[in-house]
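The values are calculated or read from the model by the stated rules, or taken from the named source; none is laboratory data. A quick note: this is a predicted structure, and the numbers were derived from the prediction, not measured. For neighbour counting, all protein chains shown are included, and Cβ atoms are generated from backbone atoms with ideal geometry for every residue, glycine included.
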Amino acid sequence: MKLLPNEIRDVIKYLEAGKSLPDQYRFLLFDDKREVELVWNGKTGEVCNVVLPFQTIKPKIF
């Protein structure tokens, strides 16, 4: 990770102002692990497998 002097100055300004960093700086400062998760209030960690009526389930042929 190598930031240019003007990028360092901008990051410091955002931090001093208590503002969130724009995505361009987030990707420069932190590793991109390519993990995405949807999060919302009331979301549980339970896993549920539901067969929906519009699913087509094909039998396995051995």
The number of residues in the stretch 10-21 that are outside any helix (DSSP H, G or I) and either touching a Pro at 6+ places or on another chain (Cβ under 6 Å) or surrounded by 12 or more Cβ atoms within 10 Å (Cβ to Cβ) (or both) is 1
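Here's the yes/no breakdown for (1) out of contact with any Asp or Glu (no Cβ under 8 Å at 6 or more places or on another chain); (2) assigned to a helix (DSSP H, G or I):
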| position | (1), (2) |
| --- | --- |
| Ile8 | yes, yes |
| Tyr25 | no, yes |
| Leu28 | no, yes |
| Asp31 | yes, no |
| Trp40 | yes, no |
| Val47 | yes, no |
| Phe54 | yes, no |
Kindly evaluate Pro5 against the criterion of being modelled with pLDDT under 85 and of a type outside the set (A, V, I, L, M, F, W, C).
no
With the first residue restricted to the stretch 21-50 and required to be at positive phi and free of Cβ contacts under 8 Å to residues at least 60 places away in the same chain, and the second required to be surrounded by 10 or more Cβ atoms within 10 Å (Cβ to Cβ) and acidic (Asp, Glu), Cβ contacts under 7 Å at 6 or more apart or on different chains are none
